[in-house]
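The values are calculated or read from the model by the stated rules, or taken from the named source; none is laboratory data. Quick caveat: nothing in here was measured; it's all calculated off a predicted structure. Positions of Cβ are backbone-derived with ideal geometry, glycine not excepted, and every protein chain shown enters the neighbour counts.
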Ligand SMILES: [Fe+2]
């Protein structure tokens, strides 16, 4: 095991209904191939449990309807279910090399009965949230419940991905976190243009690890709840990210816009 474990402790998990134990057992079943693979299985297992905890906090802070809180936690628990088979098979979390992990996680959850305890329409809403948690945008035709669950999981996921990313930057011992991109401290022109225009950058256009990090300056614009935006600021995610980016006017301006948006 590495000395520094990315992610750290898992705070404030909700009372366990058995699904967390099932999830842990499922994740562990993909271990045993190599130390590198096992570390990345652990990374996603712990990430998922922290996303469940973030979801619990978001639901409380935003006073989400009580009937949606358990389904939201369920969607959070299932959102990355396919990450374990993905890493075991492809040695990467890069969807371009294997499959869309949101779609595949929803398929596995449906096929393996992870939402059978929910009423049919709520089960569909949970699977929809799993499916759309990683897409560039949320479609406009979702049911109100599916829309709410999708927005919750996307925010909770982003809050924890940032934590994992920043810890990785402090202790860069796992190249899977930044997809083994070119380590040069440069932003490629396509990504710079996206950042300047305030539109989300496409992963396929990223050439350097700096592209990957700089594109994260746009994430606050994709947060759905005021609590999530405040947490971005309270945890100084933008400041910490900037300390790992080149001192560049374009990036400073993007960070200032993102911080301003977090106050809205
Ligand atoms: Fe994901």
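Would the range 61-70 turn up any residue that is surrounded by fewer than 23 Cβ atoms within 10 Å (Cβ to Cβ), assigned to a helix (DSSP H, G or I) and in contact (Cβ under 8 Å) with a residue 60 or more places away in the chain?
Yes - at least one qualifying residue is present in the range 61-70.
Residues in the range 95-108: is at least one out of contact with any helix residue (DSSP H, G or I) (no Cβ under 7 Å at 6 or more places or on another chain), away from the ligand (no atom under 16 Å from the Cβ) and assigned to a helix (DSSP H, G or I)?
The answer is no; no qualifying residue exists.
List every residue pair whose Cβ atoms sit under 6 Å apart, with the two residues 6 or more apart in sequence or on different chains, where the first one lies in the range 97-109 and is assigned by TED's automatic domain parsing to the domain that holds residue 150 and free of Cβ contacts under 8 Å to residues at least 24 places away in the same chain and the second, anywhere, is within 12 Å of the ligand (Cβ to nearest atom) and assigned to a helix (DSSP H, G or I).
Every condition considered, the pairs that remain are 98/86.
For the range 223-242, how many residues meet the condition of being surrounded by 16 or more Cβ atoms within 10 Å (Cβ to Cβ), under 17 Å from the mean Cα position of the chain (by Cα) and touching a residue at least 40 places away in the same chain (Cβ under 8 Å)?
Residues flagged as surrounded by 16 or more Cβ atoms within 10 Å (Cβ to Cβ), under 17 Å from the mean Cα position of the chain (by Cα) and touching a residue at least 40 places away in the same chain (Cβ under 8 Å) within the range 223-242 amount to 9.
Tally the residues that are in contact (Cβ under 8 Å) with a residue 60 or more places away in the chain and part of a loop (DSSP other than H, G, I, E, B), restricting the search to the range 203-222.
Of the residues in that region, 0 qualify.
Test each condition in (1) within 14 Å of the ligand (Cβ to nearest atom); (2) within 17 Å of residue 18 (Cα to Cα); (3) touching a helix residue (DSSP H, G or I) at 6+ places or on another chain (Cβ under 6 Å); (4) in a helix (DSSP H, G or I) for residue 130 and report the one that comes out false.
(2)
What number of residues within the range 89-108 satisfy the criterion of being at pLDDT below 95 and over 16 Å from the mean Cα position of the chain (by Cα)?
6
Conditions first: (1) away from the ligand (no atom under 16 Å from the Cβ); (2) farther than 25 Å from residue 256 by Cα; (3) touching a residue at least 24 places away in the same chain (Cβ under 8 Å); (4) in a helix (DSSP H, G or I). Residue 146 passes all but one, so which condition is the exception?
(3)
Could you list, in sequence order, all residues of the range 174-189 that are modelled with pLDDT of 70 or more and either out of contact with any strand residue (DSSP E or B) (no Cβ under 7 Å at 6 or more places or on another chain) or assigned to a loop (DSSP other than H, G, I, E, B) (or both)?
Of everything in the range 174-189, those that are modelled with pLDDT of 70 or more and either out of contact with any strand residue (DSSP E or B) (no Cβ under 7 Å at 6 or more places or on another chain) or assigned to a loop (DSSP other than H, G, I, E, B) (or both) turn out to be 181, 183, 184, 185, 186, 187, 188, 189.
Taking residue 121 as the residue in question, decide whether it is assigned to a helix (DSSP H, G or I), over 24 Å from residue 214 (Cα atoms), under 16 Å from the mean Cα position of the chain (by Cα) and at pLDDT 95 or above.
Judged against the criteria, residue 121 is not a match.
Being away from the ligand (no atom under 16 Å from the Cβ) and closer than 15 Å to residue 22 by Cα is the requirement here; does residue 62 meet it?
Here the answer is no, as residue 62 does not meet what is asked.
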